[in-house]
Amino acid sequence: MVELSPKHPRYHSLLIREKIVDGFRKGLVVPEGLIAHGRGECFDYLIGEATIPPALKAIRAAAAALITAKHPVISVNGNAAALVPKEIVELAKLVNAKLEVNLFHRTRERQILIAETLRSYGAKEVLGVDDELIAIPEVFSERRMVSARGIYLADVVLVPLEDGDRTEALRRLGKTVIAVDLNPLSRTSRAASISIVDNIVRAMPKLINEVKDLRSNYSLEKIREILASYNNEEVLKESIRYILNRLTELSRSLKLITYLSVDSRSTGF
Ligand code: PTJ
């Protein structure tokens, strides 16, 4: 791993990038996952690398959906396993969700490696590797194979960094789909029931805290109300407007990074 100084202006972003690269070197992440991460970085730049207000609304609704679910499942792919394995296991324990490895670029080696990674953070059971799998209709990738005891049965599925195809199929099967995707324009974001437009690295700890907060301060009835009053279309539009306003503001106030070179310091120019 590269030595990173906390003084580097892009320290946090580089640290996340190193985690993905490390995951790639270990075989958790596919090369396509590095490209997907780069796209995510770009959208993260646009939202200001911070959790934006519409994402907080989505996180609250997602926590409500997970708390009130009968069979919640967290679907885990290579990027999610490389970036937030500890948080995935913690959230699963908190809401009694099943963990299922589900990959776009499916190989047995990666399935086993991802399951082992989750177990190393305390997961007791990881589905999608050696248990019975069922094909869900109208998904034209390896992601169509889901666990009979996991996603197939689930009423609520959390799908971090997903492809839109399967989100649409899961919605058609009547499931509540929670997506974490930095791109508010993606098919996943537009097809999901609840779209958290945030970096998964920031969103997961916030989701865990939100579950704890709702559980300790609200009745089940109130939690159901929070979920029922959530409007994903509005939240996605708000996310796009947030980016738009931020860019408009930046286009007015952009300041060049100026510096004095060694030569100009001595000459005054
Ligand atoms: O591990 P596998 O085989 O299942 O493959 C995983 C990838 C990510 C390669 C696969 O799901 C894929 O190709 O995804 P896409 O279609 O490229 O979509 C990934 C989405 O996640 C994009 O919209 C990115 O903007 C977004 N994204 C990338 N990094 C992050 C992110 N969203 C939240 N947090 C991130 N750190």
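The values are calculated or read from the model by the stated rules, or taken from the named source; none is laboratory data. Computed from a predicted structure; not experimentally measured. Glycine also receives a Cβ, built like all others from the backbone with ideal geometry; neighbour counts cover every protein chain displayed.
Starting from residues that are of a type in the set (K, R) and touching a residue at least 12 places away in the same chain (Cβ under 8 Å), keep the ones in the stretch 12-68 and report whichever is nearest to N232 (Cα to Cα).
Once the filter is applied, the top-ranked residue is K57.
Restricting to the stretch 192-220, name every residue that is of a type outside the set (A, V, I, L, M) and near the ligand (Cβ under 8 Å from one of its atoms).
Within the stretch 192-220, D198, N199 qualify.
Please state which one of V101, V126, V84, V89 is farther than 19 Å from K19 by Cβ and modelled with pLDDT of 95 or more.
Just one listed residue meets the conditions, V126.
For the stretch 168-191: of the residues being assigned to a loop (DSSP other than H, G, I, E, B) and farther than 14 Å from K237 by Cα, which is farthest from the ligand (Cβ to nearest atom)?
Once the filter is applied, the top-ranked residue is G174.
Would you pick out the residues in the stretch 33-87 that are over 15 Å from the mean Cα position of the chain (by Cα), among the hydroxyl-bearing types (S, T, Y) and over 15 Å from I208 (Cα atoms)?
The one that is over 15 Å from the mean Cα position of the chain (by Cα), among the hydroxyl-bearing types (S, T, Y) and over 15 Å from I208 (Cα atoms): Y45.
Under the condition of being touching a residue at least 12 places away in the same chain (Cβ under 8 Å) and among the basic types (K, R), which residue from the stretch 112-145 is farthest from G27 (Cα to Cα)?
R144
Where in the stretch 1-114 are there helices (runs of 4 or more DSSP H), lying fully within it, with 1 or more residues that are of a type in the set (V, I, T) and more than 11 Å from the ligand (Cβ to nearest atom)?
Once the helices (runs of 4 or more DSSP H) in the stretch 1-114 are filtered for at least 1 residues that are of a type in the set (V, I, T) and more than 11 Å from the ligand (Cβ to nearest atom), what remains is 11-26, 53-68, 85-95.
Please work out which residue is surrounded by the most Cβ atoms within 10 Å (Cβ to Cβ), limiting yourself to the stretch 127-176 and to residues that are closer than 18 Å to L99 by Cβ and polar (S, T, N, Q).
S147
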